[in-house]
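Note sheet for the following structure.
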Amino acid sequence: MAAWSQQKIGSTAAAWVVRAGLAAGLALPLVACGTAETAPTAATSDSQEAPDGSAADGQGQDGAQDAAPSDGAVADATDGADPEVLSDVGLAELPSDDGGANLDSAIDLDTAIELDTAIDPDSTGNPDGATIADAANSDAAADAVDAAADVSKVTCTPGVQSCEGPKLKSCLPKGDGYVLSNCFPGTTCSNGKCVAVANNLIIAFDTSGSMSEAVKVGGVNKCTSGYTTWPDCEYVKAEYATGCTRMGVSKYVFKQALSKIDESLVHMAMLRFPQKVSANISSSCTSGGYSGSSTISGDGGQQSIGPTDPPWFWTGLQEIMCVPFPKNKAETVKDAMTLWMDGLETKGPPANPELRPNGGTPIGKTLFYVGEYIRNMVVIDGKPCSDDASCGNVNYVCKDSVCVDPNRSCRETVVVLFTDGGEGNSNSFFAPWVQAKRLGTGLGCKTDGDCVGGATCQTFKSCTGVSGNLTKCLADSDCKSGSKCTDATQCMPTEEVTGWYCSKGMAPCLPDAQPGSPAHCAGGQCVQDPRMALTAKATKDQDNVLRSFDGKPFQVRVIVVDISGDVSASAVKGSASIAIAGAGKLLGADASDPQAMISTLNSAFDIKHKKVCGITQ
C-alpha cells in the first residue's frame, strides 16, 4: 500500500468487518485510486500479482474473484483541472449477489466501513490476521457481519457519492453503509467527485542591470550592432524576435511558457527586484521608467511584516509588485503579466508597465519581501473576515469570522526565482541562502513544530564566524582561523545521504566520486548542502519561519532558474545553494538557446510535488 493511501480504519475489529464481509458475500465496492500498489492485501490475499503490479484475475479458495485495479489509473488524477472532474481514476469491483456497483471515483483501498456498532473480534472468534477463507468457513463470523449491517441502519442511495471534508463518501450497494476514502494526491473532494487542487506559483523576476547583457552565440553577439535604443535592443526586430539581450530572451520565453498555464490549476503572482518608479520613461536599454534599488524605500530592517505595519512595506509595495495574487476565480493574471513583457511602456492612462533591467541583484531581500507578501496575501489562514470577499484570496472562504483554505493541507506554494545570478552570500538573516532556508524548512527552532517541509529541530556543532565555512566540528581546532565551534539548534532535513547535491537533478552525490559511480554528479556540479552553516536566525523565534495569521508555520519551496549559462563552480554553487536551502531545485538554462529555456521554464512551472488532502504533512 502506498504511504499516502493510509486510512484510519479505527481498530482491528473494523478491518475484520471488511474481511469477513467480503467472505460472507457482503457487496463492498472497492475502487482503486492511482497505481496498482493501492490494492488491499486483505482482499487479494489469494490472488496472483501480475508483472505490472496489478492483481491478476483468479479465484480465491472461497471462490470469490479477486479485485483487479484498472490500468493507467494515475494519468487523469495527476493532471486533472480544477474544477473539472477527474474521470475514472482507477476502478475495481468484487462480485456480489446483486452484481455489485461501480463507483466512479478516486478511492483509496484502505477503506473503513462506518457502522454504528463496531464488531469485537473476540466475539467472532477471529484472531488478528484471519484470511477471507477463515471467515467464509466461520458461521459465527458471517452472523456477526449480518448483525452489524442490521444494527447500522445507515440509509443512503446505493452508488451515490458525496464529500466529507476532503474525503469521498460512497454509499454501499445495499444502501446500508458507506466508505470514506482519500482522493488521489493533489486532488480533493468537491460535489461528490475528486477534483484537482490549484497550487500557488509566485514568480520573482530578476530585473538587475546584468539582464541587459547581450546574448552571445559562439562568443559573438547574437544581434548585429546598431540596436542601441529600446525596445529594438531587446527583441522587437523581426529577425531577432527571440531576443538580443538576456531580458529580451527572458520575456520571449516567459510569454511562451505562460501561454501553456491553466489558471484553474495554478494561481500566480509576479514580483521583481526592488525598483523605484521614475517620473519619465527613458529610451535607454538599461533604465526605462525605473531606477534599481537594493531595498524598498524606507526599509527599516524589520524581520517580519504585518498586515499594516510597518507602513513602508505596503506604501512601497509597487516597487516590487508586478501582478498581485488573484482575489477570486473570475480574476485572471496571465494577460496582466504579458503587459510587462510586450515591448510597450507608457505611463497612461491606461498604464502599460514593462520589465526593465536596472539595478543590483538583491536576491536575499527579494526573497524576504516575497515571503512576507505570501504570508500576508497568499497563505492567510486565520485572517479575520466578514465574508468570502473580505478574504481577498481565490483560495479562501470566510468561516466563523476567519479566512479558511479548505485545501491548505494539500496546496503547494512555490517561488520560482528567475535570475542570471550574481549576489554573494553570508551567514546573516537577509542573505540569499538564509532567506531560502527560512522559506523551505525554517531557521532556528525549539521544537519540531517550528520546522516545515519534513525538517526537524536538531542541535549540532558547526564552525561559525567565517562566511562560507560549512564545516561540522567537535572543537575550535576543527575550524578555520577566526571561526569557533559552537552549538546551533536549527531546522534540518531528517535524512541526508551524503550532505552534497548534484546541481543537475538535485540527487545526492560526492565531490570525489568517479564517473560511472552512483554518487557521481554527471553533467553538473556536486554542491555541499549549505544549511549546516546557516546558523543565522531571527531576533524573535516566531519569525524564523513563515506563519499564517493563525500562527501555523507553512513551507514555500524555492525553484531557481539560472539563465546565465555560467557553468563555473562558483556560479553554480551560488544558485544551487539557494535551491538546496529552499528545499527546491536548480534548473539551468542559457539565454543563447531560447527553446531550451522554454523547456526549462515549463519544467519550473509544473508543480509535480503533490500531497493528500486532509492529512497533516
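Out of everything in segment 377-393 that is farther than 18 Å from MET268 by Cα and of a type in the set (S, T, N, Q), what residue ends up being farthest from the chain's Cα centre (by Cα)?
Residue satisfying both the conditions and the ranking: SER386.
Can you give me the ranges of the strands (runs of 3 or more DSSP E) entirely in segment 495-608 with at least 2 residues that are acidic (Asp, Glu), touching a strand residue (DSSP E or B) at 6+ places or on another chain (Cβ under 7 Å) and modelled with pLDDT of 90 or more?
none
Give SER291, SER250, SER264, SER304 a once-over and let me know the one that is over 30 Å from ALA196 (Cβ atoms), outside any strand (DSSP E or B) and of a type in the set (Gly, Ala, Ser).
None of the other options fit; the residue is SER304.
Select from segment 574-597 the residues that are crowded, with 19+ Cβ neighbours inside 10 Å and of a type in the set (D, E, K, R) and list them in ascending order.
LYS585, ASP590, listed by residue number.
I need the full set of residues from segment 509-545 which are surrounded by fewer than 22 Cβ atoms within 10 Å (Cβ to Cβ) and touching an Asp or Glu at 6+ places or on another chain (Cβ under 8 Å), in order please.
Passing the criteria: ASP529, ASP541.
Residue-wise test of (1) open to solvent by 40 Å² or more (accessible area, probe 1.4 Å); (2) closer than 28 Å to LEU258 by Cα.
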position	(1), (2)
PHE273	no, yes
ILE281	yes, yes
TYR290	no, yes
ILE296	no, yes
GLY300	yes, no
ILE305	no, no
PRO311	yes, no
GLY316	no, yes
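Pairs under 8 Å by beta carbon, first residue within 7 Å of LEU439 (Cα to Cα) in segment 545-558, partner acidic (Asp, Glu) and at pLDDT 95 or above, six or more apart or different chains?
Listed pairs, sorted by first residue: VAL545/ASP450.
Failed condition for LYS504, given (1) touching a residue at least 60 places away in the same chain (Cβ under 8 Å); (2) out of contact with any Pro (no Cβ under 7 Å at 6 or more places or on another chain); (3) open to solvent by less than 70 Å² (accessible area, probe 1.4 Å), with all others met?
(3)
Mind checking which residues of segment 330-357 are open to solvent by less than 40 Å² (accessible area, probe 1.4 Å), part of a loop (DSSP other than H, G, I, E, B) and under 29 Å from GLY582 (Cα atoms)?
VAL333, TRP340, MET341, GLU354, LEU355, ARG356, PRO357
Of everything in segment 358-367, what is surrounded by 24 or more Cβ atoms within 10 Å (Cβ to Cβ) and more than 17 Å from SER577 (Cβ to Cβ)? Give them in sequence order.
Those that are surrounded by 24 or more Cβ atoms within 10 Å (Cβ to Cβ) and more than 17 Å from SER577 (Cβ to Cβ): ASN358, GLY359.
The values are calculated or read from the model by the stated rules, or taken from the named source; none is laboratory data. No experiment lies behind these values; they were computed from the predicted model shown. Cβ: placed from backbone, ideal geometry, glycine included. Neighbour counts: every protein chain shown. Quick note on the areas: whole protein, heavy atoms, side chains included, nothing else; ligands and nucleic acids left out. Shrake-Rupley method; radii C 1.70, N 1.55, O 1.52, S 1.80 Å.
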